[in-house]
Ligand code: AMP
């Protein structure tokens, strides 16, 4: 299955993407993780986009499209993938249509007020990119990544001051994709629930997995 996950930052895309990928044995492609890895390794691209990412703005379309194209060309994507955080703009969605045919687009809808309270509890693994929440999806050991054992951190762009501007960016630049994919008959919407297990059940039902 070639799937896109849509939703505001903090809606739970990353967590559901992990679940879907484990269920279907396909890779999770997170452009946010790819970009953070470039920043961490200090590549030319990483240095160019560091300040943009930390401000909560979007990286220019041409750079992200190139990164995604390279990633989708790798052999593990041949049987499908879940895109988490891409596309974020109409030009990115149009570029993706030229690269491959998508089977479904799943929107996880969560109102802004809930997003703001959720984001402050999010903890991310700087080593492997896994995402947790101190209340809704806690790691087995507090502050430690279940997947690789690294110390979890609050991402700079999850800082409450940055969250408000990331939500604005979502409404302005990414939300138009909902109409874009609705017109193409690809959109399914699930409302994010208080309990992670309830959202997971709704996502599985929506995708028939
Ligand atoms: P995420 O982890 O998906 O929330 O992404 C973190 C940050 O990386 C975003 O706030 C953007 O600065 C950048 N980013 C990730 N994916 C994209 C994309 N598809 N287009 C532009 N910028 C992106």
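Within segment 91-118, the set of residues being at pLDDT 95 or above and within 12 Å of the ligand (Cβ to nearest atom) comprises 91, 92, 93, 95, 96. So, of the residues in segment 179-190 that are in a helix (DSSP H, G or I) and out of contact with any strand residue (DSSP E or B) (no Cβ under 6 Å at 6 or more places or on another chain), which turns out to be surrounded by the fewest Cβ atoms within 10 Å (Cβ to Cβ)? Among those that are in a helix (DSSP H, G or I) and out of contact with any strand residue (DSSP E or B) (no Cβ under 6 Å at 6 or more places or on another chain), it is 183.
Looking across segment 95-135, the residues that are in a loop (DSSP other than H, G, I, E, B) and farther than 26 Å from residue 40 by Cβ come down to 100, 101, 102, 103, 110, 111, 135. When 195, 101, 107 are checked against the criterion of being surrounded by fewer than 13 Cβ atoms within 10 Å (Cβ to Cβ), under 25 Å from residue 87 (Cβ atoms) and touching a residue at least 40 places away in the same chain (Cβ under 8 Å), 101 stands alone in meeting it. In a residue-by-residue description of segment 133-149, the property of being farther than 28 Å from residue 202 by Cβ, modelled with pLDDT of 95 or more, within 14 Å of the ligand (Cβ to nearest atom) and over 17 Å from the mean Cα position of the chain (by Cα) applies to no position.
Checking each residue in segment 36-46 for being farther than 20 Å from residue 162 by Cα and surrounded by 20 or more Cβ atoms within 10 Å (Cβ to Cβ) picks out only 38. Each residue in segment 67-90 was checked for being within 13 Å of the ligand (Cβ to nearest atom) and either surrounded by fewer than 13 Cβ atoms within 10 Å (Cβ to Cβ) or within 14 Å of residue 6 (Cα to Cα) (or both), and 9 pass.
Pairs linking a residue in segment 165-177 that is surrounded by 15 or more Cβ atoms within 10 Å (Cβ to Cβ) to a residue that is part of a helix (DSSP H, G or I), with Cβ atoms under 8 Å and 6 or more positions apart or on different chains, are 166/157; 167/112; 167/115; 167/116; 177/90; 177/93.
Within segment 47-63, is even one residue more than 10 Å from the ligand (Cβ to nearest atom), surrounded by fewer than 18 Cβ atoms within 10 Å (Cβ to Cβ), free of Cβ contacts under 8 Å to residues at least 60 places away in the same chain and within 25 Å of residue 181 (Cβ to Cβ)? Checked against the condition, which is being more than 10 Å from the ligand (Cβ to nearest atom), surrounded by fewer than 18 Cβ atoms within 10 Å (Cβ to Cβ), free of Cβ contacts under 8 Å to residues at least 60 places away in the same chain and within 25 Å of residue 181 (Cβ to Cβ), segment 47-63 yields at least one hit. Across segment 8-35, the qualifying residues are those that are away from the ligand (no atom under 13 Å from the Cβ) and assigned to a loop (DSSP other than H, G, I, E, B), and the one among them that is surrounded by the fewest Cβ atoms within 10 Å (Cβ to Cβ) is 25. Do the conditions hold for residue 26, that is, is it under 17 Å from the mean Cα position of the chain (by Cα) and over 28 Å from residue 147 (Cα atoms)? Criteria not met by residue 26. So in segment 71-90, with the set limited to residues that are within 18 Å of the chain's Cα centre (by Cα) and part of a helix (DSSP H, G or I), which one is nearest to residue 126 (Cα to Cα)? It comes out as 71.
The values are calculated or read from the model by the stated rules, or taken from the named source; none is laboratory data. Every value quoted in this text rests on a predicted model; they were computed, and no experiment measured them. Note that we place each Cβ from the backbone using ideal geometry, even for glycine, and neighbour counts take in every protein chain shown.
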